[in-house]
Each structure stands twice: as C-alpha cells, then as structure tokens.
Amino acid sequence: MNIIKKILEKIGLIKTSKLYPNKGGWPGLRVLPKVDNLIDIGIGHQGSEGLYKFFPDARKFFVDPLIETKTSIEKYLKNPQNKFFECGLSSKEGFLKINIRQPISQSGFNKSKNDFVGSNNCRRVIVNTLDNLFPIHTIKDTGTWGIKIDVEGHEKEVLIGGIELIKNCDFVIVEVSIDKNKFENSPSLKEIINWMSNLNFEVKAVRASGDGTDHLDIAFVK
C-alpha cells in the first residue's frame, strides 16, 4: 500500500503534506497561539500526532471514555506532567452509553444515521464535565490553554460543561459535522459558530475533510 501511495505521489495524482503528514496536523494550525497546556478530547485509535507535534512543549491532557484509545498516546504518558482521563465529557457528570464503532475513533454518545438498527454494541461509561476536570482555581497560575474537541455530534454538551475553562482558553478546535442529521441531537455548524462567538471567539482557520461534505475542523481563537 505504501509503495502504491509513493508512486501516485511521484506522478502527481495525490499529494501529501510534508509539514503536516500526521493525523490532526493541518496548515491552518499555524495561526494558533502557542499554549502551555493542550487538552485533547476524543483521542481515538491513533491520537492526533500532527496536533501534538505542533505544540511540542505543551503539557498534554488526553480525555476519552474508551480505555483502548490510551495505547495511541502511551509515549506521551511517559512524561509525568501529561495525563490521561478515562471518561467521557458532557454538560453534567454521571453515566452515558457510548455507541462503539469501527474504527473506534468514530464511537460516540449520539446515535449515527449509519448505525445498524437494533445493534447493542454499546458501553456504559463515566462522564464528567471539563469544568470539573479542570476547575478554574487550579489552572489560574498554570499558563495558557488550548483545547481540541472531536466527539462525534456531542460537541455542544462538551462546550456547555466547560464554559468556565473555555473562557480562559486561547483557542478551541472543534470538529463539526456539516450535515446536522449525521448524528441525533447534534448541533449545527451555525450553532457552534454562534456559541463560540458569544464567548468572544472568532473563526481563524477551517479544514474540510475528504470532498468537503462530511465535517470540518474549525479553529476558534480568543
């Protein structure tokens, strides 16, 4: 597969970014301010290596309800300053059922229109809020903060549960579905932009996936 890819690259049929070859890395990240602390919410089966490399000196916090995802960021956990939280995030603490999908990075609390009808491939997991995990009184003297959110339709709930922390962040990257009906009860693109705008954030960069019809990564800067 790698040989075929190299051949296609050589003859110009596909292009691979030399600067941002890893998942989560894209040229628009250059407009983001450097931060001392980076929170990755929804790390999936391969993490966001490109994002981590863009902020190499930041202390990193990983949040995901599925323990299987921890293997993708094990090398970062060798640094005792970095931390993995095995929990989901929402607007309040408690328990939720997560729909397990393959690849595991596509798992989420909101049902997808592509989920198999009658499927019981779910898991009950602990959920918390961002503001509970990172109380303002504990982060005031820890430098600057940035957040990446990839939660398959559950974005608004995560934002609501982290409003105090977000007010103190320099940037927030949110993956948002273009099709509001992709996940049940998910926010629209307009809702997310308006919500962040009300907190004095503005869109600074956008990355469209694939052919541009599925989802966007939106980088908001204070």
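One table, with the values for the structure above:
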{"quantity": "Restraint check, K23/K204; K23/K92; K70/K156; K53/K78, Cα-Cα greater than 27 Å", "calculated": "K23/K92"}
{"quantity": "Region 22-221: relative contact order in percent, alpha carbon pairs under 8 Å with at least 6 residues between", "calculated": "21"}
{"quantity": "For G42, net neighbour charge (Lys/Arg +1, Asp/Glu -1) across residues whose Cβ lies under 9 Å away", "calculated": "-4"}
{"quantity": "Residue order, fewest to most beta carbons within 10 Å, for H45, H137, H215", "calculated": "H137, H45, H215"}
{"quantity": "Residue-by-residue Karplus 3J(HN,Hα) for region 26-32, coefficients 6.51, -1.76, 1.60, Hz, glycine and proline x", "calculated": "8, x, x, 5, 5, 7, 7"}
{"quantity": "Euclidean distance of C-alpha centroids, region 154-202 and region 40-94, integer Å", "calculated": "19"}
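Every number here is computed from the coordinates shown, using simple stated rules; none is lab data. Everything quoted here is computed from the prediction, not taken from an experiment. Heads up, the Cβs are rebuilt from the backbone with ideal geometry, glycines too, and the neighbour counts pull from every protein chain shown.
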